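In what follows, a single structure is set out as structure tokens and then discussed.
All of the numbers you see were taken from the coordinates with simple rules; none came from a lab. Please read these numbers as outputs of a predicted model, since none were measured by experiment. Neighbour counts run over all protein chains shown; Cβ positions are idealised from the backbone, glycine included.
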Amino acid sequence: MIDKRSAMLGAGAAIAARAILPHAVLLKLRRDTRRLNAGDYRPLLSGYADDAVLHFNEGPHRWSGTYRGKLAIEGFLREFVGAGLKGEIRSLWIGGPPWAMTLVARFDDRATGPGGEELYANRVVIVARTRWGKIVEQEDFYLDTARITAFDEKLRELGVEPATA
């Protein structure tokens, strides 16, 4: 039988773990984002379930659409890196149990041209549902969706065509 002291220690450990979890997830996502900014999308990709779905803003641009499965999401991340985009997670909120968490993150992304001029900057809210630490569904919401299309047009003017073209 469990005594009161053991129960209190167990409850205290659970509360402490719950308090640490958001910080640990934020550290991992920021580390993965630094790697993404350096051109290596693999650490970020490893956080998606094999059957994950990424919903991205619809429109006349290279990233438009829904990406189903890890292979499709890899193509999306390749386009992100290929366009010279860089991002930063500004804040993160987490809710739910570890086996079914919801993550909400503010993610700012930007890109500069060959001469260092800013080609693009936007703010994003990312909403992701997870299953045991793997993203199963993600939806991105942009402050200004017209900026995405304008950026894609600038890339084409610079001769940066979509990888899937």
Check: Around SER64, what is the net charge, scoring Lys/Arg as +1 and Asp/Glu as -1 over all other residues with Cβ under 12 Å from its Cβ?
Finding: -3
Notebook entry, point to check: Could you state the number of Å between the C-alpha centres of region 70-86 and region 99-159?
Noted result: 11
Item checked: GluC sites (Glu not before Pro), loop per DSSP, at most 12 other Cβ atoms within 10 Å - longest free stretch of the chain -> 59-116
Note to self: With an 8 Å Cα cut-off and a minimum separation of 6 or more residues, compute the relative contact order for region 27-165 in percent.
What the structure shows: 22
Notebook entry, point to check: If we count other beta carbons within 10 Å of each Cβ, what is the order of LEU36, LEU158, fewest first?
Noted result: LEU158, LEU36
Check: In region 25-60, what chymotrypsin sites (Phe, Trp or Tyr not before Pro) fall in a loop by DSSP, with at most 16 other Cβ atoms inside 10 Å?
Finding: none
Notebook entry, point to check: Over all pairs of distinct alpha carbons, what does the Kirkwood formula give as the hydrodynamic radius of the chain, in Å?
Noted result: 17.3
Check: Total Lys pairs in the chain closer than 27 Å by alpha-carbon, pairs eight or more apart in sequence or interchain only?
Finding: 7
Margin query: Per residue of region 148-155, what does 6.51 cos²θ - 1.76 cosθ + 1.60 with θ = phi - 60° give for ³J(HN,Hα)? Whole Hz please, x for Gly and Pro, Karplus curve as stated.
Written below: 5, 5, 4, 5, 4, 5, 4, 4
Item checked: region 73-143: chymotrypsin sites (Phe, Trp or Tyr not before Pro) falling in loop per DSSP and having at most 15 other Cβ within 10 Å -> TRP99, TRP132
Checklist line | Dipole magnitude of the chain, debye to nearest 20 (Cβ charges: Lys/Arg +1, Asp/Glu -1, about Cα centre) | finding: 880
